[in-house]
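In what follows, a single structure is set out as structure tokens and then discussed.
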Amino acid sequence: MFLRRLNHILFLGFLTLTLISACSKDISHRVTSVKQLAAECLVVQHMLGETCIPRNPHRIVTLWPNILGNTLALNVKPVASTYYTAQILPELHDQGDGIEFVGNITEPNLEKILLLKPDLILANSKLQNIYEQLSYIAPTVIMDLPFPPPPWKQQLIELANVLGKKEAANSLIDEYWQRIEKLQQALGDRRRQMQVSVATVSLNHGIYAYGQNHPVGRVLNDLRIQRPPAQRRDFYYLSNISEEHLSDIDGDVLFFLYWRGKDAKEVLEKFQQKPLWRQLKAVQHNQVYFVNAAYWHETDILSINAVIDDLFKYLVNTP
């Protein structure tokens with residue numbers, strides 16, 4: 001009886017030591033794995049939680065226009081995108097070469113993305129409904145994009161933090177302010193005297209005016225350029241302006257955003273035939289400039305710089 005109890009005690013002791021040793025090895029392995037993971041990836045907080053992404057991703061897929069633009073501006077070239085920046089900014093043709101097209105911005109082609117074997121996918125809240133599918137393909141970061149969207153500078157900094165490019169983002173913002181100062185000097189006192197309007201017209205929403213919260217509105221604010229009274233408020237854009245209130249889009253200078261496509265052209269041509277259009281001061285003084293809505297409506301730094309190019313072209317270099 002005594003020997004049986006002794007054997008039982010010895011067996012329990014051996015089992016306990018074995019379990020302790022196994023647990024110790026498992027804990028040690030886990031600690032080592034966590035340390036290796038921390039060295040190889042970066043935990044990023046985003047609107048749908050947190051994602052451990054590669055510290056130096058090489059095969060990035062961008063699924064929104066401003067994300068692609070800002071990524072390129074930060075000297076990071078994605079392998080694929082739902083949007084091709086060079087289509088609206090010809091000077092970026094070389095940067096756009098080699099970027100695969102993976103569908104439109106509302107329905108990216110998941111099968112094509114999978115075949116590209118990305119190591120990071122960058123999207124925003126417009127695509128949160130497919131976040132789970134994207135996460136199965138590669139680590140996915142969802143940037144928050146409410147309406148109205150955050151200021152373009154904030155969007156650039158948030159993306160730079162994900163990509164480890166904060167210094168590059170700060171340099172881009174510094175260059176922006178240098179261009180703003182240069183444009184202010186070129187305009188001189190004119191920027192305090194003239195009123196600059198920004199507007200467009202569309203088939204579904206009629207006449208638009210753009211307010212101070214729109215990216216272009218923020219650029220004009222930074223320049224301290226005067227806006228027409230109806231455009232000085234804190235709104236993104238104001239749609240369906242009636243023809244009786246067409247004076248809301250009038251100014252000494254009118255930048256009119258045009259959209260490419262046959263339908264948009266027909267809408268614009270019909271609008272230009274209206275008598276009230278011809279009564280606008282900017283029209284009578286030949287100070288209406290038609291600019292590409294594809295980048296005047298965007299929030300990435302490449303588009304913002306293209307807007308500044310247009311402001312130099314039409315406000316400084318045009319008689």
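Put simply, the amide H of residue 53, placed in the peptide plane, has neighbours under 5 Å in 42, 43, 44, leaving out anything fewer than 5 places away on its chain. Here are some pairs, 153/265; 153/270; 112/166; 153/182; 153/281; which of them have Cα atoms lying more than 26 Å apart in this structure? Pairs exceeding the cut-off: 153/265; 153/270; 112/166; 153/281. Taking every alpha-carbon pair within region 84-242, the share separated by more than 26 Å comes to 46 percent.
This model, with +1 at the C-beta of Lys and Arg and -1 at the C-beta of Asp and Glu, gives region 174-319 a dipole about its Cα centre of some 320 debye.
Distance between the modelled labels on residue 193 and residue 283, one decimal in nanometres: 2.6 nm (7 Å Cα→Cβ projection).
Figure note: 52, 41 ranked by solvent-accessible area, largest first, 1.4 Å probe, ligands and nucleic acids not counted: 52, 41.
Regarding region 219-284, what whole-number volume in Å³ per residue does the convex hull of its Cα atoms give? Could the numbers behind the result be given before it?
Working: hull volume 7.3 nm³, N = 66.
Spread over its residues, the Cα hull of region 219-284 gives 110 Å³ apiece.
Take every pair of alpha-carbon atoms less than 8 Å apart whose residues are at least six positions apart; their mean separation over the length of region 211-316 yields a relative contact order of 27 percent. Rolling a 1.4 Å probe over the heavy atoms of the protein chains gives region 205-319 an accessible area of 47 Å² per residue. Take each peptide in 157-165, 43-51, count the other Cβ atoms within 10 Å of every residue, and average; sorted highest first, the result is 157-165, 43-51.
With a 1.4 Å probe and all protein chains kept in place, how do 101, 271, 312 rank by accessible area, largest first?
101, 312, 271
3J(HN,Hα) couplings calculated from phi for region 214-228 with the Karplus curve 6.51 cos²θ - 1.76 cosθ + 1.60 (θ = phi - 60°) are, in sequence order, 6, x, 5, x, 5, 5, 5, 5, 4, 7, 6, 8, 6, 10, x Hz; Gly and Pro show x. Within the full protein context, the accessible area of residue 258 is estimated at about 80 Å² for a probe radius of 1.4 Å. Were the residues from residue 58 through residue 116 laid out at 0.36 nm apart, the gain over their Cα-Cα distance would be 19.7 nm.
The values are calculated or read from the model by the stated rules, or taken from the named source; none is laboratory data. Computed from a predicted structure; not experimentally measured. Counting neighbours? That spans all protein chains shown, and the Cβs are built from the backbone with ideal geometry, glycine included. Each accessible area value is taken on the protein alone, full model and side chains, heavy atoms only, with ligands, DNA and RNA left out. Shrake-Rupley method; radii C 1.70, N 1.55, O 1.52, S 1.80 Å.
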